[in-house]
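S.K.: Below you will find the structure I want to go over with you.
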Amino acid sequence: MPKQLEGKVAVITGAARGMGEASVRRFVEEGARVVMADVLDEEAKALAAELGDAVLYRRTDVSQSEQVEALVAAAVSHFGTVDVMFSNAGVMGDPQKDFLAEDFTSFERTIGINLLGPMLGAHFAAKHMAQNGGGCILTTASSSALYGGHSIVPYRASKAGIIGMTKALAIDLGRYGIRVNSISPGPTRTPMTLAMDDLPEDHAEAFIDVAMESMRSRMPLGRLGLPEDIANAAVFLASDQAAQITGVDLPVDGGETAGNCENTLEKMQARFLELMQA
Ligand code: NAD
(Lines give C-alpha, C1' and ligand atoms only; values in the text may rest on other atoms or scores of the structure.)
Protein backbone atom coordinates (compact mmCIF):
# COMPACT_ATOMS: atom_id res chain seq x y z
CA MET A 1 0.00 0.00 0.00
CA PRO A 2 1.43 3.45 -0.86
CA LYS A 3 2.44 5.53 2.14
CA GLN A 4 -0.16 8.18 2.91
CA LEU A 5 2.20 11.08 3.70
CA GLU A 6 5.09 10.30 1.35
CA GLY A 7 7.09 13.46 0.58
CA LYS A 8 5.24 15.68 3.05
CA VAL A 9 6.89 17.80 5.73
CA ALA A 10 4.96 18.19 8.98
CA VAL A 11 5.45 20.23 12.13
CA ILE A 12 3.95 18.55 15.20
CA THR A 13 3.78 20.35 18.55
CA GLY A 14 3.48 18.60 21.89
CA ALA A 15 5.54 15.93 20.17
CA ALA A 16 7.48 14.54 23.15
CA ARG A 17 4.79 12.25 24.52
CA GLY A 18 1.14 11.20 24.40
CA MET A 19 -0.81 11.89 21.22
CA GLY A 20 1.99 14.03 19.80
CA GLU A 21 4.56 11.25 20.14
CA ALA A 22 2.16 8.71 18.60
CA SER A 23 1.52 11.13 15.73
CA VAL A 24 5.24 11.66 15.09
CA ARG A 25 5.69 7.88 14.89
CA ARG A 26 2.70 7.38 12.56
CA PHE A 27 3.64 10.33 10.32
CA VAL A 28 7.16 8.95 9.90
CA GLU A 29 5.78 5.45 9.20
CA GLU A 30 3.64 7.02 6.48
CA GLY A 31 6.64 8.65 4.80
CA ALA A 32 6.57 12.18 6.27
CA ARG A 33 9.53 14.13 7.60
CA VAL A 34 8.65 15.78 10.89
CA VAL A 35 9.82 18.75 12.90
CA MET A 36 8.96 17.99 16.51
CA ALA A 37 8.26 20.85 18.92
CA ASP A 38 7.93 20.60 22.69
CA VAL A 39 9.39 21.89 25.93
CA LEU A 40 10.26 18.45 27.34
CA ASP A 41 13.78 18.27 25.93
CA GLU A 42 14.81 14.92 27.35
CA GLU A 43 11.83 12.92 26.04
CA ALA A 44 11.81 14.74 22.70
CA LYS A 45 15.54 14.26 22.10
CA ALA A 46 15.26 10.53 22.88
CA LEU A 47 12.44 10.16 20.36
CA ALA A 48 14.31 12.18 17.75
CA ALA A 49 17.43 10.03 18.24
CA GLU A 50 15.32 6.87 17.82
CA LEU A 51 13.67 8.04 14.60
CA GLY A 52 16.82 9.41 12.93
CA ASP A 53 17.02 11.69 9.89
CA ALA A 54 13.28 11.79 9.27
CA VAL A 55 12.81 14.04 12.30
CA LEU A 56 14.24 17.20 13.79
CA TYR A 57 13.56 18.36 17.34
CA ARG A 58 13.30 22.04 18.03
CA ARG A 59 12.50 23.24 21.54
CA THR A 60 9.52 25.60 21.20
CA ASP A 61 7.13 27.11 23.69
CA VAL A 62 4.05 27.35 21.47
CA SER A 63 2.65 30.33 23.37
CA GLN A 64 5.60 32.50 22.28
CA SER A 65 5.18 34.12 18.88
CA GLU A 66 8.88 34.48 18.02
CA GLN A 67 9.54 30.83 18.93
CA VAL A 68 6.71 29.58 16.71
CA GLU A 69 7.93 31.76 13.84
CA ALA A 70 11.41 30.29 14.30
CA LEU A 71 9.94 26.76 14.39
CA VAL A 72 8.30 27.16 10.98
CA ALA A 73 11.49 28.77 9.62
CA ALA A 74 13.53 25.80 10.93
CA ALA A 75 11.23 23.34 9.13
CA VAL A 76 11.60 25.28 5.88
CA SER A 77 15.37 25.56 6.15
CA HIS A 78 15.92 21.93 7.26
CA PHE A 79 13.37 20.04 5.14
CA GLY A 80 12.60 22.67 2.45
CA THR A 81 8.91 23.34 3.19
CA VAL A 82 5.95 22.86 5.54
CA ASP A 83 2.94 20.95 4.23
CA VAL A 84 1.25 20.14 7.55
CA MET A 85 1.11 22.16 10.77
CA PHE A 86 -0.30 19.96 13.54
CA SER A 87 -0.73 22.11 16.66
CA ASN A 88 -1.32 19.44 19.25
CA ALA A 89 0.43 20.79 22.38
CA GLY A 90 -1.92 21.49 25.25
CA VAL A 91 -2.19 21.70 29.00
CA MET A 92 -5.10 21.01 31.31
CA GLY A 93 -4.22 23.96 33.56
CA ASP A 94 -4.74 24.10 37.28
CA PRO A 95 -8.12 22.79 38.39
CA GLN A 96 -10.22 25.58 39.85
CA LYS A 97 -11.90 24.98 43.12
CA ASP A 98 -13.81 28.24 42.98
CA PHE A 99 -14.23 30.40 39.88
CA LEU A 100 -15.07 33.37 42.10
CA ALA A 101 -11.55 33.21 43.57
CA GLU A 102 -9.85 33.01 40.14
CA ASP A 103 -6.87 35.34 39.70
CA PHE A 104 -6.50 34.48 35.98
CA THR A 105 -2.79 33.58 36.09
CA SER A 106 -3.47 29.95 35.22
CA PHE A 107 -6.29 31.02 32.88
CA GLU A 108 -3.91 33.14 30.79
CA ARG A 109 -1.31 30.38 30.60
CA THR A 110 -3.89 27.78 29.49
CA ILE A 111 -5.34 30.07 26.82
CA GLY A 112 -1.80 31.04 25.74
CA ILE A 113 -0.73 27.45 25.13
CA ASN A 114 -4.03 25.88 24.02
CA LEU A 115 -5.52 28.64 21.86
CA LEU A 116 -2.98 31.37 21.07
CA GLY A 117 -0.40 28.63 20.34
CA PRO A 118 -2.40 26.96 17.52
CA MET A 119 -3.34 30.38 16.15
CA LEU A 120 0.33 31.37 15.96
CA GLY A 121 1.13 28.00 14.36
CA ALA A 122 -1.60 28.52 11.77
CA HIS A 123 -0.43 32.07 11.09
CA PHE A 124 3.24 31.36 10.47
CA ALA A 125 2.64 28.07 8.64
CA ALA A 126 -0.09 29.59 6.43
CA LYS A 127 2.22 32.44 5.42
CA HIS A 128 4.56 29.82 3.99
CA MET A 129 1.80 27.54 2.62
CA ALA A 130 0.05 30.41 0.82
CA GLN A 131 3.20 30.96 -1.25
CA ASN A 132 3.55 27.26 -1.98
CA GLY A 133 0.21 26.10 -3.33
CA GLY A 134 -1.47 25.18 -0.03
CA GLY A 135 -1.20 22.86 2.92
CA CYS A 136 -2.98 21.46 5.93
CA ILE A 137 -3.51 23.00 9.35
CA LEU A 138 -4.63 20.63 12.05
CA THR A 139 -5.25 21.23 15.76
CA THR A 140 -6.15 19.09 18.75
CA ALA A 141 -9.35 20.36 20.36
CA SER A 142 -11.30 18.18 22.83
CA SER A 143 -14.69 16.56 23.34
CA SER A 144 -14.80 18.59 26.57
CA ALA A 145 -15.29 21.72 24.44
CA LEU A 146 -18.74 20.49 23.52
CA TYR A 147 -20.37 20.34 26.93
CA GLY A 148 -19.89 21.78 30.40
CA GLY A 149 -18.31 20.21 33.45
CA HIS A 150 -16.56 20.98 36.69
CA SER A 151 -13.36 22.85 37.41
CA ILE A 152 -11.65 23.37 34.07
CA VAL A 153 -13.30 26.46 32.61
CA PRO A 154 -10.20 27.81 30.77
CA TYR A 155 -9.43 24.38 29.30
CA ARG A 156 -12.93 23.94 27.91
CA ALA A 157 -13.01 27.54 26.69
CA SER A 158 -9.65 27.18 24.93
CA LYS A 159 -10.76 23.98 23.19
CA ALA A 160 -14.09 25.49 22.13
CA GLY A 161 -12.03 28.40 20.76
CA ILE A 162 -10.07 25.97 18.61
CA ILE A 163 -13.25 24.63 17.04
CA GLY A 164 -14.34 28.21 16.26
CA MET A 165 -10.90 29.01 14.89
CA THR A 166 -10.97 25.90 12.69
CA LYS A 167 -14.19 26.93 10.99
CA ALA A 168 -13.24 30.60 10.64
CA LEU A 169 -9.76 29.87 9.26
CA ALA A 170 -11.09 27.25 6.84
CA ILE A 171 -13.04 30.06 5.20
CA ASP A 172 -10.22 32.62 5.32
CA LEU A 173 -7.51 30.26 4.04
CA GLY A 174 -9.44 28.14 1.52
CA ARG A 175 -8.51 30.53 -1.30
CA TYR A 176 -4.84 29.58 -0.80
CA GLY A 177 -5.55 25.84 -0.95
CA ILE A 178 -5.04 25.54 2.80
CA ARG A 179 -7.31 23.07 4.59
CA VAL A 180 -8.02 23.66 8.29
CA ASN A 181 -9.42 20.94 10.55
CA SER A 182 -9.35 19.86 14.17
CA ILE A 183 -9.62 16.61 16.07
CA SER A 184 -11.60 16.34 19.30
CA PRO A 185 -10.31 13.40 21.32
CA GLY A 186 -12.48 11.98 24.06
CA PRO A 187 -10.84 10.68 27.25
CA THR A 188 -7.57 9.17 26.04
CA ARG A 189 -4.90 7.23 27.87
CA THR A 190 -1.91 9.63 27.85
CA PRO A 191 0.37 11.16 30.49
CA MET A 192 -2.05 14.12 30.66
CA THR A 193 -4.92 11.87 31.76
CA LEU A 194 -2.75 9.86 34.12
CA ALA A 195 -1.41 13.04 35.73
CA MET A 196 -4.88 14.15 36.79
CA ASP A 197 -4.91 14.82 40.51
CA ASP A 198 -1.14 14.15 40.61
CA LEU A 199 -1.54 10.42 40.98
CA PRO A 200 1.55 8.40 41.84
CA GLU A 201 2.51 6.30 38.82
CA ASP A 202 1.81 2.97 40.50
CA HIS A 203 -1.82 4.05 41.01
CA ALA A 204 -2.32 4.65 37.29
CA GLU A 205 -4.05 1.31 36.58
CA ALA A 206 -6.43 1.75 39.51
CA PHE A 207 -7.15 5.26 38.27
CA ILE A 208 -7.95 3.94 34.79
CA ASP A 209 -10.42 1.46 36.32
CA VAL A 210 -12.17 4.20 38.28
CA ALA A 211 -12.13 6.52 35.26
CA MET A 212 -13.56 3.78 33.05
CA GLU A 213 -16.33 3.09 35.49
CA SER A 214 -17.40 6.73 35.42
CA MET A 215 -16.98 7.00 31.64
CA ARG A 216 -18.66 3.78 30.62
CA SER A 217 -22.09 5.38 30.77
CA ARG A 218 -21.04 8.01 28.23
CA MET A 219 -18.74 6.11 25.85
CA PRO A 220 -20.67 3.58 23.76
CA LEU A 221 -17.48 1.85 22.61
CA GLY A 222 -16.59 1.24 26.27
CA ARG A 223 -12.86 1.95 26.30
CA LEU A 224 -10.53 4.89 26.80
CA GLY A 225 -8.97 6.19 23.61
CA LEU A 226 -5.34 5.40 22.81
CA PRO A 227 -2.83 7.96 21.48
CA GLU A 228 -2.70 5.90 18.25
CA ASP A 229 -6.43 6.50 17.68
CA ILE A 230 -5.72 10.22 17.48
CA ALA A 231 -2.56 9.73 15.42
CA ASN A 232 -4.49 7.68 12.84
CA ALA A 233 -7.10 10.42 12.49
CA ALA A 234 -4.31 13.00 12.11
CA VAL A 235 -2.65 10.95 9.35
CA PHE A 236 -5.95 10.76 7.48
CA LEU A 237 -6.74 14.49 7.79
CA ALA A 238 -3.17 15.42 6.79
CA SER A 239 -3.20 13.12 3.76
CA ASP A 240 -4.48 13.71 0.25
CA GLN A 241 -7.31 11.29 1.07
CA ALA A 242 -8.85 14.25 2.92
CA ALA A 243 -8.29 16.70 0.04
CA GLN A 244 -11.93 17.90 0.07
CA ILE A 245 -12.25 18.13 3.87
CA THR A 246 -11.92 21.51 5.56
CA GLY A 247 -13.61 23.33 8.43
CA VAL A 248 -14.33 20.08 10.23
CA ASP A 249 -13.88 19.10 13.87
CA LEU A 250 -13.58 15.30 13.93
CA PRO A 251 -14.54 13.64 17.23
CA VAL A 252 -12.32 10.65 18.06
CA ASP A 253 -14.08 9.81 21.27
CA GLY A 254 -15.60 6.32 21.21
CA GLY A 255 -19.00 7.94 20.66
CA GLU A 256 -18.83 10.10 23.79
CA THR A 257 -20.37 13.11 22.04
CA ALA A 258 -22.93 11.13 20.01
CA GLY A 259 -25.50 11.60 22.76
CA ASN A 260 -26.65 10.24 26.06
CA CYS A 261 -26.06 6.45 26.17
CA GLU A 262 -28.33 5.96 29.14
CA ASN A 263 -31.53 4.12 28.20
CA THR A 264 -33.86 6.76 29.60
CA LEU A 265 -36.87 5.22 27.85
CA GLU A 266 -36.36 1.94 29.72
CA LYS A 267 -35.98 3.85 33.00
CA MET A 268 -39.12 5.89 32.36
CA GLN A 269 -41.13 2.78 31.48
CA ALA A 270 -39.95 1.03 34.66
CA ARG A 271 -40.85 4.07 36.77
CA PHE A 272 -44.23 4.34 35.05
CA LEU A 273 -44.97 0.67 35.81
CA GLU A 274 -43.99 1.26 39.46
CA LEU A 275 -46.40 4.18 39.65
CA MET A 276 -49.18 2.15 37.99
CA GLN A 277 -48.74 -0.67 40.47
CA ALA A 278 -48.63 1.63 43.52
P1 NAD B 1 0.38 15.10 27.19
O2 NAD B 1 0.46 15.95 28.41
O3 NAD B 1 0.78 13.69 27.26
O4 NAD B 1 1.16 15.80 25.97
C5 NAD B 1 1.11 17.19 25.75
C6 NAD B 1 2.45 17.65 25.25
O7 NAD B 1 2.39 19.08 25.05
C8 NAD B 1 3.57 17.40 26.27
O9 NAD B 1 4.65 16.76 25.64
C10 NAD B 1 3.94 18.78 26.76
O11 NAD B 1 5.29 18.93 27.15
C12 NAD B 1 3.60 19.62 25.53
N13 NAD B 1 3.47 21.04 25.88
C14 NAD B 1 2.84 21.56 26.96
N15 NAD B 1 3.01 22.89 26.99
C16 NAD B 1 3.75 23.22 25.90
C17 NAD B 1 4.24 24.44 25.38
N18 NAD B 1 4.01 25.61 26.00
N19 NAD B 1 4.96 24.41 24.23
C20 NAD B 1 5.21 23.22 23.60
N21 NAD B 1 4.77 22.05 24.05
C22 NAD B 1 4.05 22.04 25.19
O23 NAD B 1 -1.14 15.22 26.71
P24 NAD B 1 -1.98 14.50 25.54
O25 NAD B 1 -3.11 13.84 26.18
O26 NAD B 1 -1.11 13.77 24.59
O27 NAD B 1 -2.55 15.84 24.88
C28 NAD B 1 -2.36 16.20 23.51
C29 NAD B 1 -3.49 17.15 23.15
O30 NAD B 1 -4.73 16.46 23.26
C31 NAD B 1 -3.61 18.35 24.08
O32 NAD B 1 -3.91 19.51 23.31
C33 NAD B 1 -4.78 17.98 24.97
O34 NAD B 1 -5.43 19.11 25.49
C35 NAD B 1 -5.65 17.21 24.01
N36 NAD B 1 -6.63 16.30 24.61
C37 NAD B 1 -6.25 15.31 25.47
C38 NAD B 1 -7.23 14.42 25.96
C39 NAD B 1 -6.88 13.26 26.87
O40 NAD B 1 -7.79 12.60 27.38
N41 NAD B 1 -5.61 12.96 27.07
C42 NAD B 1 -8.57 14.57 25.58
C43 NAD B 1 -8.91 15.61 24.74
C44 NAD B 1 -7.94 16.46 24.22
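S.K.: Mind checking the per residue accessible area of segment 203-278 for me, 1.4 Å probe, whole number of Å²?
M.R.: 65 Å²
S.K.: Now a separate question. Summing -39500 (n - 2.57) over the DSSP H runs of n ≥ 4 in the chain and dividing by its residue number, what mean residue ellipticity at 222 nm do you reach, to the nearest 500 deg cm²/dmol?
M.R.: Helices in the chain give a 222 nm mean residue ellipticity of -14000 deg cm²/dmol.
S.K.: Dipole of the chain, Cα-centred, from +1 at each Lys and Arg C-beta and -1 at each Asp and Glu C-beta, to the nearest 20 debye?
M.R.: Value, rounded to 20: 960 debye.
S.K.: I would also like to ask the following. Say the dipole of segment 37-110 comes from +1 at the beta carbon of Lys and Arg and -1 at that of Asp and Glu; which of 47, 82, 57 then lies farthest toward its positive end?
M.R.: Final value for the positive-end residue is 82.
S.K.: Does segment 1-71 come out rounded, prolate or oblate by the C-alpha gyration tensor, with a ≥ b ≥ c the root eigenvalues, rounded set by a/c under 1.5 and, if not, prolate when a/b is larger than b/c and oblate if not?
M.R.: Note, shape of segment 1-71 comes out prolate.
S.K.: Give me the distance between the Cα centres of segment 26-62 and segment 173-187, rounded to whole Å.
M.R.: Taking the Cα centre of each part, segment 26-62 and segment 173-187 sit 22 Å apart.
S.K.: Now for a separate question. Report in % the part of the accessible area of the chain that belongs to carbon and sulfur, leaving out ligands and nucleic acids; probe 1.4 Å.
M.R.: 55 percent
S.K.: Expressed as a rounded percentage, what relative contact order does the chain have, with Cα pairs under 8 Å and six or more residues apart?
M.R.: Averaging sequence separation for qualifying contacts and normalising by length gives 19 percent for the chain.
S.K.: Just the accessible area for residue 140, please: 1.4 Å probe, Å², rounded to the nearest 10?
M.R.: Result for residue 140: roughly 10 Å² accessible.
S.K.: Using a 1.4 angstrom probe on the protein heavy atoms only, could you order 104, 79 from most to least accessible area?
M.R.: 104, 79
S.K.: Also, quick follow-up: Give the share of C-alpha pairs in each 10 angstrom bin for the chain, from 0 to the last occupied bin, in whole percents, shortest bins first.
M.R.: 7, 28, 34, 19, 7, 3, 1, 0
S.K.: Give the residues of segment 27-41 whose amide nitrogen is closer than 17 Å to a point set 7 Å from the Cα of residue 241 in the direction of its Cβ.
M.R.: Counting only backbone N, you get 27-32.
S.K.: Roughly how big is segment 206-265's charge dipole about its Cα centre, with Cβ charges of +1 (Lys, Arg) and -1 (Asp, Glu), in debye to the nearest 20?
M.R.: 100 debye
S.K.: Then there's this: I want to check the label-to-label distance for residue 268 and residue 207. Put each point 7 Å from Cα in the C-beta direction and report it in nm to one decimal.
M.R.: Inter-label distance under the simple model: 3.9 nm.
S.K.: For 129, 215, give the ranking by accessible area with the largest first, probe 1.4 Å.
M.R.: From most exposed to least exposed: 215, 129.
S.K.: Pairs of Cα atoms under 8 Å, at least six residues apart: use those to get the relative contact order of segment 72-189, whole percent.
M.R.: That works out to 31 percent.
S.K.: Find the eigenvalues of the gyration tensor of the Cα atoms of segment 36-82, then list the square roots of 5 times those eigenvalues as equivalent ellipsoid semi-axes, largest first, in whole angstrom.
M.R.: For segment 36-82, the semi-axes come out at 18, 15, 5 Å.
S.K.: Provide the solvent-accessible area of residue 24, counting protein heavy atoms only and rolling a 1.4 Å probe, rounded to the nearest 10 Å².
M.R.: Approximately 0 Å² for this residue.
S.K.: Just by accessible area at a 1.4 angstrom probe, what is the order of 262, 205 from largest to smallest?
M.R.: My answer, sorted largest first, is 205, 262.
S.K.: Another question about this same structure. In whole Hz, with x marking every Gly and Pro, tabulate ³J(HN,Hα) for segment 135-151 from phi via Karplus 6.51 cos²θ - 1.76 cosθ + 1.60, θ = phi - 60°.
M.R.: Couplings: x, 9, 10, 9, 9, 9, 8, 5, 4, 6, 6, 9, 8, x, x, 6, 6 Hz.
S.K.: On full extension of the chain, what length is gained from residue 99 through residue 29, given 0.36 nm per residue of separation minus the C-alpha to C-alpha distance?
M.R.: Going from the current span to full extension adds 20.8 nm.
S.K.: Give 97/267; 8/45; 3/167; 45/167 a once-over and call out the pairs whose C-alpha atoms are over 24 Å from each other.
M.R.: Checking Cα-Cα distances, 97/267; 3/167; 45/167 exceed 24 Å.
The values are calculated or read from the model by the stated rules, or taken from the named source; none is laboratory data. This is a predicted model, so every value here is computed, not measured. Methodologically, a virtual Cβ is constructed for each residue, glycine included, from the backbone with ideal geometry; neighbour enumeration extends over all protein chains shown. In case anyone asks, the SASA skips ligands and DNA or RNA and just uses the protein heavy atoms, side chains included. Shrake-Rupley method; radii C 1.70, N 1.55, O 1.52, S 1.80 Å.
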